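Following: one structure in structure tokens, then a few remarks.
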Amino acid sequence: MTTGTARVLVLGATGNVGGALVRRLAAGREDVTVRAMVRAPGSADLPDGVEVVRGDLTNLDSVRAALRDVDRVFLVWPLGGGELTRAVVDLITARVRRVVYLSAIGVRDDGGSAPDPILQFHTDIEQAVRASDVEWTLLRSGGMAANTLGWAQQVRERSTVSWVYGEGARALVHEADLAEVAAIALLTDRLVGAVPEITGPSALTQREQARAIGAAVGRTVTWDELPAQEVREALMSAGWSAATADGALRSWASTVDRPEVPTPDYAAVTGATGRPFEQWAIDHAGDFR
């Protein structure tokens, strides 16, 4: 265990993983101070004792101010961070002792070219962190269970999920499991220089995920298979680039013939079994009602 008070800045503190991490770090530990950088402090629902500051990763001055007097950072970046990405990473790594970056499974350790823009973005940030002088942990996540919140409106209104590749199977990870590993990486020396790859404990098809959500809310939720082209058009209408949409569709399609294999890393780090998707659905049932 590290000694002294850990002064932690959590970026993305109102997101699923960041929010779970803030709650974990703030849960009664006297040797940890927590600062959360958010875009809208007035609407941030964070625990008592957490210092909330206004900031945005696209504003270097706000990041610089948020970094004052902290010694470790949890870094998560919204998809497609833009041209300031490297400048922000360099700013962070020049001012703190430790960085835990929420990355993605599929990034190559050697920094080689990625098959799609999303993984390439994570690759670029990983390489920038590795090249710095900080202690680092690259926390690579599998598919996040929270991504299925994108189905919530359909479930509430029609008890149906209309999407693509219903037979694709992934071992979706609960954000609480990612937050637990991130806290260990921030507060102990066990994961310095490590690249844990965290998934859920078992793979479910998307059709089975919809069924589990139905069980959690107490009604049948059916699956409506959409053509890939229709989903591609919907993604692009939502602001995705063609390259990003095509990369995502290729990745989702691959899980039909090659279901995602759960990794052992969560159990190796924590000594426990990861939370299954069925538990995630119960924890988030209110979002689907």
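The values are calculated or read from the model by the stated rules, or taken from the named source; none is laboratory data. Every value quoted in this text rests on a predicted model; they were computed, and no experiment measured them. Glycine also receives a Cβ, built like all others from the backbone with ideal geometry; neighbour counts cover every protein chain displayed. Ligands, DNA and RNA are excluded from the accessible area calculation, which covers all protein heavy atoms including side chains. Shrake-Rupley method; radii C 1.70, N 1.55, O 1.52, S 1.80 Å.
Considering only the range 33-147, give the helices (runs of 4 or more DSSP H) lying wholly within it that have at least 1 residues that are surrounded by 15 or more Cβ atoms within 10 Å (Cβ to Cβ), among the charged types (D, E, K, R) and out of contact with any helix residue (DSSP H, G or I) (no Cβ under 8 Å at 6 or more places or on another chain).
Filter on the range 33-147 gives 117-130.
For A185, work out the one condition from (1) touching a Leu at 6+ places or on another chain (Cβ under 6 Å); (2) part of a loop (DSSP other than H, G, I, E, B) it doesn't fulfil.
Evaluating A185 over (1) touching a Leu at 6+ places or on another chain (Cβ under 6 Å); (2) part of a loop (DSSP other than H, G, I, E, B) leaves (2) as the failure.
For the range 155-174, indicate whether the set of residues that are closer than 20 Å to G15 by Cβ, assigned to a helix (DSSP H, G or I) and either of a type in the set (A, V, I, L, M, F, W, C) or modelled with pLDDT of 95 or more (or both) is non-empty.
no
Residues checked against (1) surrounded by fewer than 22 Cβ atoms within 10 Å (Cβ to Cβ); (2) under 19 Å from the mean Cα position of the chain (by Cα); (3) closer than 24 Å to G112 by Cα:
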residue	(1), (2), (3)
S162	yes, no, no
G166	yes, no, no
L178	no, yes, no
L186	no, yes, no
A194	yes, yes, yes
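Out of the residues in the range 237-286 meeting the condition of being within 17 Å of Y165 (Cα to Cα), touching a strand residue (DSSP E or B) at 6+ places or on another chain (Cβ under 8 Å) and not β-branched (V, I, T), tell me which one is least open to solvent (accessible area, probe 1.4 Å).
E260
Filter the range 13-29 down to residues that are polar (S, T, N, Q) and on the phi > 0 side of the Ramachandran plot, then give me how many there are.
Of the residues in the range 13-29, 0 are polar (S, T, N, Q) and on the phi > 0 side of the Ramachandran plot.
Considering (1) farther than 29 Å from D71 by Cα; (2) of a type outside the set (S, T, Y); (3) part of a loop (DSSP other than H, G, I, E, B); (4) open to solvent by 40 Å² or more (accessible area, probe 1.4 Å), say which one G200 fails and leave the rest.
(4)
Condition first: assigned to a loop (DSSP other than H, G, I, E, B) and in contact with an Asp or Glu (Cβ under 7 Å, 6 or more places away or on another chain). Now tell me which residues in the range 237-289 satisfy that.
Result: T263, G274, R275.
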